[in-house]
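K.L.:
One structure coming up, written as structure tokens, with questions to follow.
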Amino acid sequence: MSQQTYKTHETAWCPGCGNFGIIGALKNSLEQLNLDPHKVLILGGIGQAAKMPQYFDTNAFCGLHGRAVPPAVAAKMVNPGLTVIINSGDGDTYGEGGNHFIHNIRRNVNIAHFVHNNQLYALTKGQASPTTMKGMVTPVQVDGSSAIPFNPLLMALGAGAGFVARGFSGNPEHLTMLMKRAIAYPGYALVDILQNCVTFNKLNTFAWYKERAKEIDGSHDVTDLGAAMALATQFGDTIPIGVLYEQPLEDYHSKHAALNQGQVLAGRDNDPDKLAEIMKAFV
Ligand SMILES: Cc1ncc(C[n+]2csc(CCOP(=O)(O)OP(=O)(O)O)c2C)c(N)n1
Ligand SMILES: [Mg+2]
């Protein structure tokens, strides 16, 4: 597929933003997987990360804040031929959208979810998000954030996700590999991506992540849930990046009595006479 297929548009991100590494990795992943743009749907909620759908010439949907997952699930349910990809921020996904995140993991719809984790609310100027480190001073948390940081990888593993990974925007080749694996995984796949915010996060800078983000070595067994959980708890001098867990699971469509027979809405013929008959009941 030509490089032009996934031409991206000018962005509203700051120079030096980690989102550039992520958009590049996503573009490369889609090209390398040879996916037709009209068969790809990119969704976001609200935030800097969630602007991603606007920058690609694919099908696109921008939802409300925290609400990228429900329309993604709906789109995949009615049209399983689509490759459905969510790009959303840590605030969007783990804060406002926390309930959707947890319970859609349990449904296991075939979606790839790329969370741009800059550890704060960037669009609204730097307030603490669920992943902000304890003690970090922000314009709102002036004495330092006092809440215990949310661990998205541990949460996803606990909720039963079959594919859980972590990437770093400053390692785009490795991130491309993770994205391709997540897109190819037949079920819900989470990639939490460490992403620097040059404007508001002066603690977790590019250099801070670069020093800590270490690729998981080849001896890790990705089917070992306990080992994956142990890696998920590491967020200090070393932050492991790579696939923590990958295990085949029955996805939503294969468990559903009608969907597993191929009875999907997108494939049905429109019968206007039948519709007219139904509408008579409402007049
Ligand atoms: C219901 C609702 N609540 C709050 C907001 C304000 N708001 C917009 S974006 C945002 C946070 C974005 O943070 P994150 O998801 O981490 O994305 P980032 O900008 O950091 O990429 C908030 C609180 C909103 N738009 N709608
Ligand atoms: Mg954020």
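The values are calculated or read from the model by the stated rules, or taken from the named source; none is laboratory data. What you are looking at is a predicted structure, and each value in this text was computed from that prediction instead of being measured. For neighbour counting, all protein chains shown are included, and Cβ atoms are generated from backbone atoms with ideal geometry for every residue, glycine included. Protein only, heavy atoms only, side chains kept; ligands, DNA and RNA dropped before computing areas. Shrake-Rupley method; radii C 1.70, N 1.55, O 1.52, S 1.80 Å.
K.L.:
Using the charge dipole of the chain (Lys, Arg: +1 at Cβ; Asp, Glu: -1 at Cβ; taken about the Cα centre), state which of Ile183, Pro272, Ala12 has its Cα farthest towards the positive end.
P.N.:
Ala12
K.L.:
Moving to a separate point now. Using a 1.4 Å probe on the protein chains only, how many percent of the accessible area of the chain belongs to carbon and sulfur? Numbers along the way, then the final one.
P.N.:
Values: 7370 of 13190 Å².
Carbon with sulfur: 56 percent of the solvent-accessible area.
K.L.:
Quickly estimate the mean residue ellipticity at 222 nm for the chain, helices only: each DSSP H run with n ≥ 4 gives -39500 (n - 2.57), and the total goes over all residues, rounded to 500. Intermediate values should be presented prior to the final figure.
P.N.:
Values: 9 runs with 83 residues, N = 283.
Computed mean residue ellipticity for the chain: -8500 deg cm²/dmol.
K.L.:
Between Gln141 and residues 5 or more places away or on another chain, which pairs have amide H atoms under 5 Å apart, with H built 1.01 Å from N, and which residues are they?
P.N.:
Counting only residues 5 or more places away or on other chains, the set is Ala128.
K.L.:
In nm, give the distance between the simple-model label positions of Leu64 and His256, each being 7 Å from the Cα along the Cα-to-Cβ direction.
P.N.:
Distance between the two pseudo-spin positions: 2.2 nm.
K.L.:
For region 3-280, report the accessible area per residue in Å² (1.4 Å probe, heavy atoms, rounded to an integer).
P.N.:
Details: 12630 Å² over 278 residues.
Counting only protein heavy atoms, the per-residue value for region 3-280 is 45 Å².
K.L.:
If you don't mind, another one. Counting Lys and Arg as +1 and Asp and Glu as -1, what is the net charge of the other residues whose Cβ lies under 10 Å from the Cβ of Gly162? Could the numbers behind the result be given before it?
P.N.:
Numbers: positive: none; negative: Glu246, Glu250, Asp251.
Its environment carries a net charge of -3.
K.L.:
Same structure, new question: For region 65-223, what is the percent of antiparallel DSSP beta bridges, rounded to the nearest 5? Display every interim value, and only then the final one.
P.N.:
Numbers: 1 of 18 bridges.
For region 65-223, the DSSP antiparallel bridge percentage is about 5.
K.L.:
Cα axis of helix 172-184 to longest principal axis of the chain: angle in degrees, 0 to 90, nearest 10?
P.N.:
30 degrees
K.L.:
Taking H as built 1.01 Å from N, whose amide H comes closer than 5 Å to the amide H of Val40, not counting residues under 5 places away?
P.N.:
The list, which skips near neighbours in sequence, is Asn59, Thr83.
K.L.:
Angle check, please: helix 69-78 long axis (alpha carbons) against the longest principal axis of the chain (alpha carbons), in degrees 0 to 90, nearest 10.
P.N.:
30 degrees
K.L.:
Over 27 Å between Cα atoms: which of Lys76/Lys214; Lys39/Lys214; Lys76/Lys125; Lys7/Lys51; Lys27/Lys210 fall into that group?
P.N.:
Working: Lys76/Lys214 34 Å; Lys39/Lys214 34 Å; Lys76/Lys125 33 Å; Lys7/Lys51 16 Å; Lys27/Lys210 22 Å.
Over 27 Å apart, Cα to Cα: Lys76/Lys214; Lys39/Lys214; Lys76/Lys125.
K.L.:
Calculate the FRET efficiency for Asp269 and Asn34 from the Cβ-Cβ distance with a Förster distance of 35 Å, rounded to the nearest 0.05. Display every interim value, and only then the final one.
P.N.:
Working: r = 30 Å, r/R0 = 0.85.
So the FRET efficiency works out to roughly 0.75.
K.L.:
Among bridges DSSP assigns within the chain, what percent are antiparallel (round to 5)?
P.N.:
On the way: 6 of 34 bridges.
Taking every DSSP beta bridge with both residues in the chain, the antiparallel ones total about 20 percent.
K.L.:
Starting from the Cα gyration tensor of the chain, take the square roots of the eigenvalues, sort them a ≥ b ≥ c, and report rounded, prolate or oblate (rounded when a/c is under 1.5, otherwise prolate if a/b is larger than b/c, else oblate). List each step's numbers first, then the result.
P.N.:
Numbers: a/c = 1.68, a/b = 1.55, b/c = 1.09.
Prolate, since a/c reaches 1.5 and a/b exceeds b/c.
K.L.:
Please name which of Pro37, Phe206, His65 has its Cα lying farthest along the dipole of the chain towards the positive end, using unit charges on Cβ (Lys, Arg +1; Asp, Glu -1) and the Cα centre as origin.
P.N.:
Of Pro37, Phe206, His65, it is His65.
K.L.:
To continue, here is another question. Applying 1/(1 + (r/R0)^6) with R0 = 25 Å to the Cβ-Cβ distance of Lys214 and Met133, what FRET efficiency is obtained, to the nearest 0.05? Working shown, then result.
P.N.:
Values: r = 18 Å, r/R0 = 0.74.
About 0.85, to the nearest 0.05.
K.L.:
Excluding same-chain residues fewer than 8 positions from Lys180, which aspartates and glutamates have a Cα within less than 17 Å of its Cα?
P.N.:
The reachable aspartates and glutamates, counting only those whose Cα sits under 17 Å from Lys180, are Glu31, Asp36, Asp192, Glu215, Glu246.
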